[in-house]
Every structure is written in structure tokens, then in C-alpha cells.
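None of the figures in this text is laboratory data; all of them are computed from the coordinates on show. What you are looking at is a predicted structure, and each value in this text was computed from that prediction instead of being measured. Using ideal geometry, Cβ is built from the backbone for each residue, glycine included, and neighbour counts are taken over all protein chains shown.
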2 protein chains.
Amino acid sequence: MTSPVPDPSPELLQRALAVRRAAGQLAQSSDAERQAALEAMAAALEQASAEILGANAADREAALADGLPPALAARLVLDGPKLTAAVAGVRQVAALGDPLGRRQLHTELDQGLVLERITVPLGVVGVIFEARPDALMQIAALAVRSGNGALLKGGREARRSCAAIHAALQQGLAASAVSPQALDLLTSREESLALLKLDGLVDLIIPRGSNALVRFIQDNTRLPVLGHADGICHLYVDAEADGEEALRVALDSKIQYPAACNAIETLLVHHAIAADFLPRAVAAFVAAGVELRGDAGACALGVPLPASEEDWGTEYSDLVLAVKLVDDLEAALAHIARYGSRHTEAICTTNPATAEQFLRAVDSAGVFANCSTRFADGFRYGLGAEVGISTQTLPPRGPVGLEGLITYRYRLRGHGQTVADYARGDQRFLHRSLPL
Amino acid sequence: MTSPVPDPSPELLQRALAVRRAAGQLAQSSDAERQAALEAMAAALEQASAEILGANAADREAALADGLPPALAARLVLDGPKLTAAVAGVRQVAALGDPLGRRQLHTELDQGLVLERITVPLGVVGVIFEARPDALMQIAALAVRSGNGALLKGGREARRSCAAIHAALQQGLAASAVSPQALDLLTSREESLALLKLDGLVDLIIPRGSNALVRFIQDNTRLPVLGHADGICHLYVDAEADGEEALRVALDSKIQYPAACNAIETLLVHHAIAADFLPRAVAAFVAAGVELRGDAGACALGVPLPASEEDWGTEYSDLVLAVKLVDDLEAALAHIARYGSRHTEAICTTNPATAEQFLRAVDSAGVFANCSTRFADGFRYGLGAEVGISTQTLPPRGPVGLEGLITYRYRLRGHGQTVADYARGDQRFLHRSLPL
């Protein structure tokens, strides 16, 4: 079996080394220098707006000629208002607090032997994103703000847009204390595949695209991947739910943006409220154009199509919803544990004890009571910006802000201390906490 | 090419499911319940000490008969004092602060819509450790304290010891609020291999053993692995070092426990101090039984053997040390960046500015000034106990305490809020920080 991932070419290795070197410098820059660099990036994007919009128009024309599917073509669009919003986004990231140099731990191990744990950048991130060219600006801003170099690979369809944006970003950085070499743009499919093999040169891969893209990347790299392949989210409508409120939350959770990973795929309804709730819910969902697939109990109450076993484990990412009646909270929890992807689950209930039981028991990155699953998002959480959403269990989990791009380092300052003295018992550790 | 890792048997899947169910209950237990469980585990180990010591004697006898290498046989030993120390360790872990239920973030997204981020257990950890049977007690204590289930696999040589320890731990848990099913002991090689494929049932693999074991596991699982394959640590002796102190630190860093990952493999010496420092260092290292391999400059000053290119990238884990002269701090940093494994590096210098430059520039989990690299250890750092040392860049990094066994979850409590209202602009986010 040959791996589908080619080895990096000497040219790519050279480029990655250059990014790593630039990132090493960037990691030691001051907060003010990084803020100024983001302002220079924003200003350069504004100055180059004609070129960027022109390049995007050319990408869209080519997409039309190539018969690109409309959904993909729509994501490609970068018009004036979108560019303005993206530039404003760069300035918002500049305004976020400095994630670097924060002291998380400060301990006097012994007299004159002081340990501290300080936040530092990861190093170099590799970002692979599909069609949407505005992602390039957002990720570049997040990377520089957090002191990281980045190897960026956009979709083939957006290559003219990405090249124009990247040129502007480099021009901006050239007028700052941050080296333009900190951001490199990969253009070929071979390069983006070889990126997955840059062990030791890249510290984190961030795929921003389809589930299939994320799964392919997870299967083909030893580097850590920040992302999630599945978003099978549930809403459980409890026996003691407020039916009106539950319906509003259910509709929003499904139809506000059905392609999003935090939209629900399955609605679980307590049997005691089903006869009252479900017929109204069916009418509302059908009116909203949602195809409903139910178990026997749900079908008996008006759900038009039967659900198969496969439905419970499917992320539709579309106007389709599976519906199931459950006997009690325990049955709802068991269904979620079996079929969920630990992304986001919600309960609707007026009983606070039931809500708290759900919030305690469900083992997902987000667990909500009486509100829409669509709130699972970095901006809505108030994180300021989002690198991505992670469904891995280890932190960073859930919507990830700048936090996903930093790590920490232990520093220890002494005066010639040796471990042998402590091992022999001549010296003893104090382990006294010092103020952060 | 067939994978060396077999699929889990139905029996192993059943057992892993049982651990996962028990872990789900354990995750919701109180601090006091988990502390009491650890006390019960400690008491049961004390009660079963005769059985445990007898089982260990049988393991050692079998090892002798099988001609096990002395180093491995030594790690197998669990005598009275060691067992007493291990039981005391279980009680020390009980006394550590509760890592669960800590609120890390608390934000009012809008009136009546409150987000919090709470620490929770990972779920189930899979631990594979070689020979040393005391590791089983330490890891079991850490797992239960942090609310995690564990699938534990000890070395074949220690199977009688592990079985006796596991039986005692289960007996202890049976007298507590924690289900004995939370800790399962795997015994066959097939099971420990299949453990690597328990996606969705196991959240983290912790290998405690040789570099070869860690590397094999990293290459054969999609699950996250907490560990490190390489520990190529450096000590740089600066031109302005105190020679006496630098020699003491260098010796401790190499010989205090040469098999440890935080022992140095390469000594970098500034050329300006080399003529004074190196001949004395060579004499001291040779007297301590250390084989020295140097570059041309080092050999000219008394290092007996020449080093090859391969030496700079080798973790000897033994009484061997590579020595190189460097022109300045920059050259030392470049050597570390090229050959280091980002584990732990130290500088000896009396110049505070040089020390700070080194502490800022070196991108390793631990960066030390004027003390031994051997301090890179969870106990010495004051973390109370150590799960392992991680050389990955993402947190947890460096020596990892209970922190490595926990993650967090976002909880959002509302009153029927929907995202559509905010998307339309009818509602605006407050994002007001609340007290933790």
C-alpha cells in the first residue's frame, strides 16, 4: 500500500524552514509590534482592495466557466462589503488581549530556584481551507496576533483571490517589525498534501472545510489536527418542557443554518409530551421545508418518513431531521452517548433539576439548557475570533479562539542547584506558590 | 501491508464499554467520594500486602529463570519499602486538590444566557507500562482522583504482581462509591494492541516505557498519545559561566540518572571558556565513568573520542555524552534548534542578560538557567504527581500532573434564546465577564 501523501519536496522544506525561522523571531516580538503588524496588514488590504476584488471576480468567472456547483461558487464570493468586514475583523483580532507571556504558574521550588510557566506561541501552523477566501485574512490575523508563523493553503478555485490577499498581507508585514516570511501561501495540491508530513516544522494542522477533508487529514498525518469530522448534535424535549419555547429552540437549532456543524440532526422527544408537542412541531418543520424521519412512535404522531438505524448516526448538514420518542431522560442520555459526536447537545425543560442532571451527565464539548445549539460558536461565546471547533476530548475543546494557537513553557532559574542534593535528602523542596 | 494492530475482540469491546459506563458514573462523583475511594484503595493494598509481595517474588523468580536482563529485572522489584511508598503515594494523590468542577470561564452572553466552562474528566485512559508494577498503583490513583476510568496493561514479566495489585484495588473500590469496573486490567499482548483501536471508547493513551514503545504506539493509533519518544537535552556553558558551578550542573544533568529522559546528551561549550573549562570537565566525567565524544575542537582539549554527525541526534540514555565547542550563544541556539527534541535545555552563565535571552529563545517544554536539567519532573515542579512528560507542543506540555487527565466542557443556560434573533440584529450580545 503506498501512502497518498507524498514526501515534501526540497523546495517546500526550504520554504517551511524559512517560515519557521521567521516564526522564531515573531515569537519574541512585543505585543505592540504584533498589534502594529495587524494594523499594517489591515491597511495594506484596504490599499489593495481593487486588486483583491478584481482577482475574486476572475476566480468567480473561471468557476462559472468550469461549472462549479452553486453552493461552492457562493462561498467563493468576496465583494466590497465582505472585504470591508474581513478587514474590520483583522483590526478586531488586533484589539484582543495579548495571549502571550502570561504567567500561569509561579512556584519557589526552593530558595533561589524559581519555576514559572509562561504562555508562548505553538510555532508554525498549517492551515488548509476550502473555497472561502476571507478565511485567509482571518487566519493570518490570528496567527500573527498569537506569534505564530503559518503555511496557508486555500482552495484551487480561490487561487487568484488568495494570491492577491497574500501579496497585500506581505506588503503590510514588510512595513512592520514582523517578517513577511512568517506567512507563506501554498498553491498546489502536492504542497498541501506534503504539508501533512512536515513533522518538526509544523506544530498544528487546522483544516477548515468539509468533514471528508478533515477525516482525510486526520488519517494522513502524525501532526496534531484541530478540527472535527462530525457534528451530530441532539435536542431533547423533556416531559416538562414549555412546548412553545421548545419548538422555537428546535426550529432555530435546525434551520437557522442547517449546513453548520452545530445544527441538530436528531430531535429526541419525551413520550409524555409527544402527543401534544410533536404534531405542532411536524407542521412547523414541514412548513420550513425540513424533511422529517421518525421512529415508529414519531411516525404515529405525524412524522412522514420512517428513520433507519443509519439515520441516528448521520450528519445531514441539510434540511433533514431525525425524530425519536424516548421514555425518559435516561433513554435520551443513552441515545446521545451511543450516537452523538460529543459536539453540542441541548435540553428543553422547565424543571431545573432535570436541566442540571442533563448538564452534568452529557459528555459533549457544549451542553445547553433551554437555548439553541447554534450558540456553539467562538464569536457567540465571546472569544473574539474562532480558529475552529474541536470535538477532540483533550483541550482545546469546543469553539477555539486564540487559545488554540498558544502553548506554554516552563522556565526555571537557579544558582547551580543539582538534583543529587535533593535525592540524597540534603536539600528539601519548599514548593511555595508565588503571586502570578 | 497489513496493520500490526488487530481489531478489538467482542470481549474487549464489552470490557471497554463497561469501563466507559463506570467512568460516566465516576465523572459525576463528589470530591469526597473520590478521596474516600483512594483511601479505600490504599487500605486494601495494605491488607493485601502479603499477596502482592508474594506475587512479585514469583514474578522475579520467573524472570530469573527466563534470563531477563538485569536492568529489566531490577525494575520489576516491588519489596516492602517500595510497596509502603507506593501506598503513601496513593494517599498523597488523594490529598491533591480536586481537579474537577473548576470554573475556568463565566460569561453573561446576554441577559439570562450564561456560559461557563467547567473542568471535567477525559473519560477513559488507556495506560501501557513496562515492567515496574508500582506504576499501576500510581496511575490507578491518578485516574480515580481525576474521575477517569482506566484500561491498564502492565508488562508480561510483572503479570502476577499486577494481578494481585489490581485485585486489591478492586476490593478497595468495592467498599467505596466508585465502581470497581472503572479500572480494568488487560493481560495479553493482543489486548494491549487492540487498545490502540478503541476509538470512541478510550480518550487518551499513556505509554510509560521505552522510546521504542512510545514511537510504536504513536505510529499505530489515531487516539491522542501523552508521551515523548525522544529526550535529547542540552546544556550550554556560556563564556561567562562560573566554571565550578557549570561543572557541578553538567555532572548532575548527565550522571544523576543517565537513563532518564531529562538527562543531557550533548554539552555545548563556548570556545572562550573551553580551554579552561573542558580539561577539568573531561577529567570529572571520565572519573564518573562517562564516555565522551567530541567535535574536533573538543577533542583538541582532551575529549577522548570523536563524535559523528549521528551523535548530535542520539539519545544515549546511558553514560555517554557528546561535546561540542560553539562560537557564541547564537550558534548554541542554532544547534539546539536543529538537533534538540524540545524537551529540556539549560544554560550556565553569570550574565543575566544572556540567561534571559536563552530563556526567551529556546523553544522547549523546559528552559533552565543555572540548574540541572534533571529538575524537569512533576514531583520536583511541585505538581504532586506525574502522569508523564510530554514533548508535544500543544498543552499539556512538559511534566504533566493531574492536569493531563482532565479537559473542560462549555455549559450554557438560557430561557429559549435562538440564534436567529441575534443574526437578524434584534438582540445583541453583552459578553459580560462574571466572577469565576
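Using a 7 Å offset from Cα along the direction of the beta-carbon, what are the separations from A:A423 to the same position in each other copy, nm, ascending?
In nanometres, ordered from closest: 6.2.
Can you give the charge dipole size of the protein assembly as shown about its Cα centre, rounded to the nearest 20 debye, using +1 on the beta carbon of Lys and Arg and -1 on the beta carbon of Asp and Glu?
About 460 debye.
Please identify which residues in the stretch B:409-436 have an amide N closer than 18 Å to a label point set 7 Å out from the Cα of A:E240, following the Cα→Cβ vector.
From the stretch B:409-436, the list is B:413-416.
Send over the semi-axes of the stretch B:278-323's equivalent ellipsoid, whole angstrom and largest first, taken as the square roots of 5 times the C-alpha gyration tensor eigenvalues.
16, 14, 6
Packing-wise, with mean Cβ within 10 Å as the measure, how do B:88-96, A:21-29 rank, highest first? The partial results should precede the final answer.
Values: B:88-96: 17.7, A:21-29: 20.3.
Final packing ranking: A:21-29, B:88-96.
Round to the nearest 0.05 the FRET efficiency obtained for B:R21 and B:H106 when R0 = 35 Å and r is the Cβ-Cβ distance.
According to the calculation, E is roughly 0.65.
Would you please classify the overall shape of the stretch A:1-109 from the alpha carbon gyration tensor, given that a ≥ b ≥ c denote the square roots of the eigenvalues, rounded means a/c under 1.5, and beyond that prolate means a/b larger than b/c while oblate covers the rest? It would help to have the intermediate numbers written out before the result.
Details: a/c = 2.33, a/b = 1.36, b/c = 1.72.
Oblate shape, in that a/c is at least 1.5 and b/c is the bigger or equal ratio.
Size of the stretch B:368-436 along its principal axes in angstrom, Cα-based, largest extent first?
On the principal axes, the stretch B:368-436 reaches 60, 25, 24 Å in Cα extent.
Treat the count of other C-beta atoms within 10 Å as a stand-in for reagent exposure and order A:I347, B:I52 from fewest to most.
Least to most surrounded, the residues fall as B:I52, A:I347.
Going by how many other Cβ atoms sit within 10 Å of their own, how do B:V362, A:V77, B:V19 line up, fewest first?
A:V77, B:V362, B:V19
What lysines sit close enough to A:K324 to cross-link, taking a C-alpha to C-alpha distance under 17 Å and skipping anything fewer than 8 places away on the same chain?
Hits, sequence-local ones excluded: A:K254.
Between the stretch B:23-46 and the stretch B:48-100, what's the alpha-carbon centroid distance in Å?
Their Cα centres are 21 Å away from one another.
Shape of the protein assembly as shown from its Cα gyration tensor (a ≥ b ≥ c, root eigenvalues): rounded if a/c is under 1.5, otherwise prolate when a/b > b/c, or oblate?
Values: a/c = 2.00, a/b = 1.25, b/c = 1.61.
The shape class here is oblate.
Long-range amide H contacts for A:S390: which residues qualify at under 5 Å (H placed 1.01 Å from N, peptide plane, sequence gap of 5 or more or a different chain)?
A:G398, A:V400
Residue by residue, what Karplus-based ³J(HN,Hα) values in Hz, rounded to whole numbers, does the stretch B:404-414 have, using 6.51, -1.76 and 1.60 with θ = phi - 60° and x for Gly and Pro?
Using θ = phi - 60°, the values come out as x, 9, 10, 9, 9, 9, 8, 10, 10, 10, x Hz.
Do any trypsin sites (Lys or Arg not before Pro) in the stretch B:193-251 lie in a DSSP loop with no more than 15 other beta carbon atoms within 10 Å, and if so, which?
Hits after loop and neighbour filter: B:R222.
Using a 7 Å offset from Cα along Cα-Cβ at A:A296, what residues in the stretch A:321-344 end up with backbone N under 19 Å from the label point?
In the stretch A:321-344, the label zone of A:A296 (backbone N under 19 Å from the point 7 Å along Cα→Cβ) covers A:323-328, A:331-332, A:335.
Each label point is 7 Å from the Cα along the Cα-to-Cβ direction; what then is the distance between the points at A:R428 and B:L430, in nm?
5.1
When the helix-only estimate is applied to chain A (DSSP H runs of n ≥ 4, each -39,500 (n - 2.57), divided by the residue count), what is the mean residue ellipticity at 222 nm, nearest 500 deg cm²/dmol?
-12500 deg cm²/dmol
Would you list, by chain and number, the lysines whose Cα falls below 28 Å from the Cα of A:K197, excluding same-chain residues fewer than 8 positions away?
Filter leaves A:K153, B:K197.
Using the Karplus curve 6.51 cos²θ - 1.76 cosθ + 1.60 with θ = phi - 60°, what ³J(HN,Hα) values do you get for each residue of the stretch A:152-166, in whole Hz, with x for Gly and Pro?
So the Karplus estimates, Gly and Pro as x, are 10, 10, x, x, 4, 5, 9, 5, 5, 4, 4, 4, 5, 5, 4 Hz.
About its Cα centre, how strong a charge dipole does chain B have in debye, to the nearest 20, once Lys and Arg get +1 and Asp and Glu get -1 at the Cβ?
Charge dipole, chain B, about its Cα centre: 1540 debye, nearest 20.
Projecting each Cα onto the charge dipole of the protein assembly as shown (Lys/Arg +1, Asp/Glu -1 at the beta carbon, about the Cα centre), which of B:T391, A:G200, A:A365 comes out farthest on the positive side?
Towards the positive end, the residue furthest out is A:A365.
Quick one: plug the Kirkwood hydrodynamic radius of the stretch B:193-350 (C-alpha pairs) into Stokes-Einstein at 10 °C, 1.306 mPa s, and report D in µm²/s.
96
Only Lys, Arg, Asp and Glu count, each charged at its Cβ (+1, +1, -1, -1), so figure out the dipole size of the stretch A:49-191 about its Cα centre, rounded to 20 debye.
Around 220 debye, computed over the stretch A:49-191.
Using a 10 Å cut-off around each Cβ of peptide B:393-403, what is the average number of partner chain Cβ atoms that fall inside?
Details: counts 12, 12, 11, 4, 6, 5, 1, 0, 0, 0, 1.
Going residue by residue through B:393-403 and averaging, the value is 5.
Round to the nearest 10 and give me the degree value, 0 to 90, for the angle of helix B:10-26's Cα axis relative to the longest principal axis of chain B.
80
Using only the Cα atoms of the stretch A:396-436, what do you get for the radius of gyration and for Dmax, in Å?
Values for the stretch A:396-436 (Cα only, Rg and Dmax): 17.3, 49 Å.
At 7 Å along the Cα-to-beta-carbon direction for both B:N211 and A:L13, put a label point, then send me their distance in nm to one decimal.
Taking the two extended label points, one gets 2.0 nm.
So what are the radius of gyration and Dmax for the Cα set of the stretch A:324-432, in Å?
In order Rg, Dmax, the Cα atoms of the stretch A:324-432 give 22.2, 68 Å.
With Rg and the Kirkwood Rh both taken from Cα atoms, where does Rg over Rh land for the stretch A:10-219?
The Rg/Rh ratio comes out at 1.02.
Report ³J(HN,Hα) in whole Hz for each residue of the stretch B:341-352, in order, from the Karplus equation J = 6.51 cos²θ - 1.76 cosθ + 1.60 where θ = phi - 60°; Gly and Pro get x.
3J(HN,Hα) across the stretch B:341-352, in whole Hz: 10, 6, 8, 8, 9, 9, 10, 10, 7, 9, 8, x.
Among bridges DSSP assigns within the protein assembly as shown, what percent are antiparallel (round to 5)?
Expressed as a percentage, antiparallel bridges in the protein assembly as shown total about 30.
Students often check this: by mean Cβ neighbours within 10 Å, which of A:317-328, A:388-399 ranks highest, and how do the rest follow?
A:388-399, A:317-328
Tell me which of A:A177, A:Q218, A:I165 sits at the most positive position along the dipole axis of the stretch A:10-219, charges placed on C-beta atoms (Lys, Arg +1; Asp, Glu -1).
Of A:A177, A:Q218, A:I165, it is A:Q218.
Hey, fewest Cβ within 10 Å first, where do A:F216, B:F277, A:F429, A:F375 land in order?
Lowest count first: A:F429, A:F216, B:F277, A:F375.
Taking amide H positions as placed in the peptide plane 1.01 Å from N, state which residues far from A:S317 in sequence (5 or more) or on other chains have amide H under 5 Å from it.
none
Sorted from shortest, what are the nm distances separating the label point of A:G54 from equivalent points in the other copies, each placed 7 Å from Cα along Cα to C-beta?
Result, one decimal in nm: 8.9.
Using alpha carbons only, how many degrees (0 to 90, rounded to 10) separate the axis of helix B:329-339 from the longest principal axis of chain B?
Helix B:329-339 sits at roughly 60 degrees to that axis.
If I stretch the segment between B:D219 and B:R91 completely, what's the gain in nm (0.36 nm per residue apart, minus their alpha carbon distance), one decimal?
Computed gain between B:D219 and B:R91 is 42.5 nm.
Rg/Rh for chain A: what does it come to with C-alpha atoms and Rh from Kirkwood?
That ratio is 1.04, to two decimals.
What is chain A's relative contact order, in percent, from Cα pairs under 8 angstrom and six or more apart in sequence?
So the answer I get is 19 percent.
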